[in-house]
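The values are calculated or read from the model by the stated rules, or taken from the named source; none is laboratory data. Treat the numbers as computed from the prediction; the structure is a model and nothing was measured. Neighbour counts run over all protein chains shown; Cβ positions are idealised from the backbone, glycine included. Ligands, DNA and RNA are stripped out before the accessible areas are found, and what is left, the full protein with its side chains, is counted by its heavy atoms. Shrake-Rupley method; radii C 1.70, N 1.55, O 1.52, S 1.80 Å.
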Amino acid sequence: MPEIRIPYYCRQVPVAPDVTQTRAVYYPWVPVRVHRDQHATPRMLLLVDSGADFCVLGSDIGAALGITNIQSGEPCQLRGLGRATVNSWFHDAAIEFEGRTFPSRFAVTSEPLPIPGMLGRQGFFDQFKSVSFDEKNRVVSVKL
């Protein structure tokens, strides 16, 4: 069974608010392109998030995909650990990952996101036999 292994990406983050000192933190980001109709994003890193029910994109990425009115999609409310709700709208798209392209659905939000987006259980994880995280070796493994 083929397996794709992608190393985590490192990001420097502040040690504390209002402090210039940073520390290295490793995240399970994977390179993808998102396609919708005749539009496609450049290759970008999206966070692989096993706690996310859905794939999520910010409205700026949605605009790059030709979604000029995000509210034209199916409405949904996303909830995070803080239990705050974020108004979002589902839009169909496709994910290009490691030479494969498959249909997906993204919740596009008008709320500012600290990242371009994330890949969740519906629309990414469900396309593969398994997606796992090797924290010790900082690797995301995707079994086809």
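Remarks
- Any hit, the range 86-102, residues being out of contact with any Leu (no Cβ under 8 Å at 6 or more places or on another chain), modelled with pLDDT of 95 or more, over 25 Å from Glu135 (Cα atoms) and among the hydroxyl-bearing types (Ser, Thr, Tyr): yes
- Among the residues of the range 87-117, those identified as open to solvent by less than 40 Å² (accessible area, probe 1.4 Å) and either in contact with an Asp or Glu (Cβ under 6 Å, 6 or more places away or on another chain) or closer than 12 Å to Ser59 by Cα (or both) are Ser88, Trp89, Phe90, His91, Phe106, Ala107, Val108, Thr109, Ile115, Gly117.
- Any pair with Cβ under 6 angstrom, 6 or more apart, that starts in the range 25-38 at a residue that is in a strand (DSSP E or B) and ends at one that is open to solvent by 50 Å² or more (accessible area, probe 1.4 Å) and acidic (Asp, Glu): Arg33/Glu96
- Exactly one residue out of Ser141, Ser132 is without any contact (Cβ under 8 Å) to a residue 60 or more places away in the chain, open to solvent by less than 80 Å² (accessible area, probe 1.4 Å) and among the hydroxyl-bearing types (Ser, Thr, Tyr), and it is Ser132.
- Filter pass, Val139 being closer than 23 Å to His35 by Cβ, at pLDDT 95 or above and not aromatic (Phe, Trp, Tyr): no
- Taking first residues from the range 76-103 that are touching a residue at least 60 places away in the same chain (Cβ under 8 Å) and partners that are assigned to a strand (DSSP E or B) and of a type in the set (Phe, Trp, Tyr), the Cβ contacts under 8 Å between residues at least 6 apart in sequence or on separate chains come to Ala94/Phe102; Ile95/Phe102.
- Meets criteria (exposed (fewer than 13 other Cβ atoms within 10 Å of the Cβ) and either free of Cβ contacts under 8 Å to residues at least 12 places away in the same chain or basic (Lys, Arg) (or both)) for Ala63: no
- Flag if Ala52 is open to solvent by less than 90 Å² (accessible area, probe 1.4 Å), in a loop (DSSP other than H, G, I, E, B), under 29 Å from Leu144 (Cβ atoms) and in contact (Cβ under 8 Å) with a residue 60 or more places away in the chain: yes
- Filter pass, Pro17 being loosely packed, with under 11 Cβ neighbours inside 10 Å, of a type outside the set (Val, Ile, Thr) and touching a residue at least 40 places away in the same chain (Cβ under 8 Å): no
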